[in-house]
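Structure first, commentary second.
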Amino acid sequence: MQFEYPTVFFNIIFTFLIFVFSIISGIFSVNYMLNTAIDFDSLKIREWKSYLHIGTPKADPYTRARTAKRGDISLGYPENLIFQLWTDNQGHPLRPNCHYLLTGHIPETRLFTLYLADKFLKPYTSTNNIPSALHTYNVIYENDGSLRIHISPTPQTGNWLASTSKKEFGIILNLYDTSIISTTELRKPMMPSVERIPAGEKCV
């Protein structure tokens with residue numbers, strides 16, 4: 001029996017290429033899932049979104065792998081809920097050189113923290129003694145208990161959260177010991193809105 005060497009060689013190469021392609025596709029698909037927030041068991045209030053089972057045994061495998069990769073630490077509901085906001089009230093991405101105004105009430109909670117983060121949820125920090133995070137006890141409240149917080153790269157009067165990023169960012173709101181889930185079952189709770197303030201600067 002005589003082998004057709006070109007055909008055999010072609011089949012070997014073709015099989016090898018399929019194998020390599022499958023491995024590369026698998027790596028990219030897993031990496032995409034680990035770097036992308038999927039709407040498994042999410043709670044959405046206006047533009048804000050929270051993934052309820054992060055840090056709990058009910059978390060799906062992708063969420064567990066994602067939090068392990070990033071090193072996130074979450075107490076899990078009801079001890080801690082993490083809300084994310086990536087757009088203003090017009091649906092536009094939050095940009096570093098823009099001036100935004102966050103207004104409204106924080107849901108009932110024992111303690112909250114507010115900071116800016118990149119797409120991997122890594123907080124932006126600064127060593128220049130400027131406010132890169134706010135919390136329950138270092139903000140000034142309005143007479144009705146609501147908040148009015150400026151988010152800007154330049155100093156602002158009143159509550160100011162410095163945006164030090166160079167790229168689009170997100171606003172992260174942590175609620176500790178909150179009753180928001182039980183409240184949601186009775187009535188839709190309010191969340192702060194974020195409005196872009198025209199200031200004449202090049203907002204890119």
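The values are calculated or read from the model by the stated rules, or taken from the named source; none is laboratory data. These numbers were taken from a predicted model, which means no experiment stands behind them. As a convention, Cβ positions derive from the backbone with ideal geometry for all residues, glycine included, and neighbour counts pool all protein chains shown.
Identify all residues within region 114-132 that are over 19 Å from Arg46 (Cα atoms) and outside any loop (DSSP other than H, G, I, E, B); write none if there are none.
Ala117, Pro123
Could we say that Asn159 is at pLDDT 70 or above, in contact with a Ser or Thr (Cβ under 6 Å, 6 or more places away or on another chain) and surrounded by 13 or more Cβ atoms within 10 Å (Cβ to Cβ) here?
No: the conditions fail for Asn159.
Listed residues Glu47, Glu4; which is at pLDDT 75 or above and among the acidic types (Asp, Glu)?
Among Glu47, Glu4, only Glu47 is at pLDDT 75 or above and among the acidic types (Asp, Glu).
Conditions (1) modelled with pLDDT of 95 or more; (2) exposed (fewer than 15 other Cβ atoms within 10 Å of the Cβ), marked per residue:
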{"residue": "Pro78", "(1), (2)": "no, no"}
{"residue": "Phe83", "(1), (2)": "no, no"}
{"residue": "Pro96", "(1), (2)": "no, no"}
{"residue": "Leu102", "(1), (2)": "yes, no"}
{"residue": "Tyr115", "(1), (2)": "yes, no"}
{"residue": "Lys119", "(1), (2)": "no, yes"}
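Being within 22 Å of Trp86 (Cβ to Cβ), of a type in the set (Phe, Trp, Tyr) and in contact with a Leu (Cβ under 7 Å, 6 or more places away or on another chain) is true for just one of Tyr141, Tyr124. Which residue is that?
Result: Tyr124 is the single residue among Tyr141, Tyr124 that is within 22 Å of Trp86 (Cβ to Cβ), of a type in the set (Phe, Trp, Tyr) and in contact with a Leu (Cβ under 7 Å, 6 or more places away or on another chain).
Could you please find all residues in region 85-94 being surrounded by fewer than 18 Cβ atoms within 10 Å (Cβ to Cβ) and either among the hydroxyl-bearing types (Ser, Thr, Tyr) or part of a strand (DSSP E or B) (or both)?
Thr87, Pro93
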